[in-house]
Amino acid sequence: MTFKFFPRPGQPCFVNFLLQEFRSPRDKNRDNHGLPQTGDGVHSPGNAITVTTQPSIKKSKSVSFWNTAACFVWIIVLLVLIARPLVAWHRGTSFDTYNLAGSHWLRGENLYSQWMGFVYSPVVAAFFAPFALVSAPLANIIWRLLNAAVLLGGFHSISPLFAAIKSPERGLGYLLLAPLALGNIDISQANPLVAGLIMLAIAAVYRQQWNWAALCLSIAIFFKIYPLAVGLLICVIAPRRFAWRLFCALLLLALVPFLFQHWPYVSHQYDLWFSTRMADNRKNWPVEKLPLDLWFLIHWVLHLPIPQKLFSVIQLASVLAIALFCAFGTWKKWSPERVLIGLFCLSAVWMTVCGPATESYTYLLLAAPTILVFLQSLHSRQPLWMRIGIWASIAMQYLAVARASFIPHFKPSWILAALPVSALLFLSYCLAWLLSDIPWTEQRGSRLSTSEGHLRFRILE
């Protein structure tokens, strides 16, 4: 099999891959300019780098099996998700709240009149206004398909960061993602969309597509405020390239609702949104609706006294620690993959165990990082305790999904603690992995590099 890497800045990696995979054998041989292909090797005709390998039949069958299985499973999942609103149209989902907000927006009514009702920005309400113009089942189906498409697209885009994961394991990754994402999409939560947008943004940073990264993150921020932490962390590693773009994208999106409603109404809704978000303290909610975060683990499971102000300090200190990690990595000239993987994984942990509004469904933000790191770990030499940690982390996420699916009313504190414990196990693994130079030195030595940086780039200016 022959892969050619051309120096085309900004072109997505998977586009080059598809272009090469669907070329005829004659074209592939002609592009080698007569270079021999008697064994594995690297040739450099002109301004392209040609990597020639001879995969075995067993490997080809493995690639075909896992990718085919992933396609089959996700087709079944999408068909089920499409059928559910048609068959059980009376079943309540989160989309009912979004659709109602769209109707309120069209009629110029208050968006934030109900406690625990619509909590998103006026930008999101304007986004759901067109959904309110069609039948509820059809609108719900469109929303579900959009959620799934963005999630899968983000997972596909960020996979090249984890270079050790080969093609067969990527198909396995989609299979592992399906049970963790199904419940979110079925209940019509916005978490799949937000998780996908975050992955698309980080993948765009890796490809130096700064405008696209700023747009994706801005949309995610207006859905859920806490992705702002990801944006600020990217500003740490690329301040001059990204900070002003993120600010402009947020400003432009904030002004969009004024194009579709009267200005006094939109301004009033922004005032209500700010005031309701500032007054929302979910630590005072009923026990069954409490955030499943680090505070829940300390206060309700371990029964240790922890003032809310102290937990706020922990929240701030932890995100500052991640920022220091990103700054340290760029100062030490770590590879872009190492810095961005650290940002991706550590920010996912922060948004779940230290975020302002963590539900069980919020832990979908942790699913993709855990799966990708787990698959990456299969190709590295690690101590037994690290392997046990990553296996336990992903197992506890599946345990939580099984509990929610089969015994949803079984909610003792110890079983609900599975998700925050999973995040802490994942954090321990990531810190040991990211702060050790050995696996990254081995990975760097196994890669191709060029003097002009066609295959690698510097994030910092």
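Numbers at a glance
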quantity: Length gained when the stretch residue 310-residue 282 is fully extended (0.36 nm per residue, less Cα-Cα span); calculated: 8.5 nm
quantity: Alpha-carbon spread of the range 63-445, three principal axes, descending order, Å; calculated: 60, 46, 46
quantity: Derived scalar couplings ³J(HN,Hα) [the range 333-340; Karplus, 6.51 cos²θ - 1.76 cosθ + 1.60; whole Hz; x for Gly, Pro]; calculated: 6, 5, 5, x, 4, 5, 5, 6
quantity: Förster radius 35 Å - calculated FRET efficiency between residue 96 and residue 69 (Cβ-Cβ, nearest 0.05); calculated: 0.55
quantity: Base-10 log of normalised Debye intensity for the range 334-386 (one unit scatterer per alpha-carbon) at q = 0.19 Å⁻¹; calculated: -0.75
quantity: Of 166/224; 224/332; 224/283, pairs whose Cα-Cα distance is over 27 Å; calculated: 166/224; 224/332
quantity: Difference of contour (0.36 nm per residue) and Cα-Cα distance, residue 149 to residue 409; calculated: 90.5 nm
quantity: Hull shadow area, averaged, the range 111-247 [alpha-carbon convex hull, nm²]; calculated: 9.6 nm²
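Each reported figure results from applying straightforward, stated rules to the coordinates on display, with no laboratory input. Quick caveat: nothing in here was measured; it's all calculated off a predicted structure. We place every Cβ from the backbone using ideal geometry, glycine too, and count neighbours over all the protein chains shown.
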